[in-house]
């Protein structure tokens, strides 16, 4: 069963969000939650656009599912709406292009497992963030940590995402923005943040077991096109 129109996964900044959905199957029913719980037939039945208010400093996780008359259901889609304070740029102004990296091998179940592991190699990575350099047929049980700074060209609202197989997490100024953790097939997860122009601390952790060994990272400024985070935005000191 396909997902409803208007339920595409994303994350954004807003104080008010209007959930406006349309069924994609005949006589399909749409159920939703705004507290992060997975919806089923006992959740709220969607009948008309719903206004969700987000107080300052809070967030709402909206989840939707479409169920056919026979009981078949779509995947559960997630929309994260945050109303955060502006994150100020850091005082440092690094000039070295790239990110510091640590490379690990081992059987990891979640990103946090990397904290207990010892790096096999460390160095400086230049280029768009990717696991491609470490993708081999012989070695799939790997972990990576990237640390440095990202340059934000304009103050505004930004959506970040990681596309990974298996787990990944993205932090900005030590706050978890994108949580794509765990063992899973290729999946894209989203997070949103309000950033001041300038440099911000930037960290990504990733692991893979046997599988696709894929990691890509994206940024989208509100009102502009989504794009891969470019090497020109990444620095270290």
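Per the conditions (1) closer than 30 Å to residue 24 by Cβ; (2) crowded, with 17+ Cβ neighbours inside 10 Å, the sole criterion not satisfied by residue 104 is (1). Of the residues 200, 184, the single one that is part of a loop (DSSP other than H, G, I, E, B), assigned by TED's automatic domain parsing to the domain that holds residue 100 and either within 12 Å of the chain's Cα centre (by Cα) or surrounded by 13 or more Cβ atoms within 10 Å (Cβ to Cβ) (or both) is 184. Do you know which residues across the stretch 16-36 are exposed (fewer than 12 other Cβ atoms within 10 Å of the Cβ) and either within 27 Å of residue 194 (Cα to Cα) or touching a helix residue (DSSP H, G or I) at 6+ places or on another chain (Cβ under 6 Å) (or both)? Within the stretch 16-36, 16, 18, 35 meet the criteria.
Conditions tested, residue by residue: (1) modelled with pLDDT under 95; (2) in the same structural domain as residue 209 (by TED's automatic domain parsing); (3) closer than 30 Å to residue 152 by Cβ.
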| site | (1), (2), (3) |
| --- | --- |
| 3 | no, no, no |
| 15 | no, no, yes |
| 25 | no, no, no |
| 42 | no, no, no |
| 61 | no, no, yes |
| 71 | no, no, no |
| 78 | no, no, yes |
| 91 | no, no, yes |
| 110 | no, yes, yes |
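The set of residues in the stretch 117-132 that are farther than 20 Å from residue 160 by Cα and in a loop (DSSP other than H, G, I, E, B) comprises 117, 118, 119, 120.
Is it fair to say residue 174 is assigned by TED's automatic domain parsing to the domain that holds residue 132, in contact with a strand residue (DSSP E or B) (Cβ under 7 Å, 6 or more places away or on another chain) and crowded, with 16+ Cβ neighbours inside 10 Å? For residue 174, the condition - assigned by TED's automatic domain parsing to the domain that holds residue 132, in contact with a strand residue (DSSP E or B) (Cβ under 7 Å, 6 or more places away or on another chain) and crowded, with 16+ Cβ neighbours inside 10 Å - is not met.
Looking across 80, 150, one residue alone is touching a helix residue (DSSP H, G or I) at 6+ places or on another chain (Cβ under 9 Å), in a strand (DSSP E or B) and surrounded by 15 or more Cβ atoms within 10 Å (Cβ to Cβ). It is 150.
Tell me yes or no: at least one residue of the stretch 41-49 is buried (at least 16 other Cβ atoms within 10 Å of the Cβ) and free of Cβ contacts under 8 Å to residues at least 24 places away in the same chain. Yes.
Against the list (1) touching a residue at least 40 places away in the same chain (Cβ under 8 Å); (2) within 21 Å of the chain's Cα centre (by Cα); (3) surrounded by fewer than 13 Cβ atoms within 10 Å (Cβ to Cβ), the condition residue 9 fails is (3). When restricted to residues that are within 22 Å of residue 180 (Cα to Cα) and not in a loop (DSSP other than H, G, I, E, B), the stretch 88-116 contains 13.
The values are calculated or read from the model by the stated rules, or taken from the named source; none is laboratory data. The structure presented is a predicted model; accordingly, all values stated were derived computationally and were not measured. When we count neighbours, we look across all protein chains shown, and the Cβ atoms used for this are built from the backbone with ideal geometry, even at glycine.
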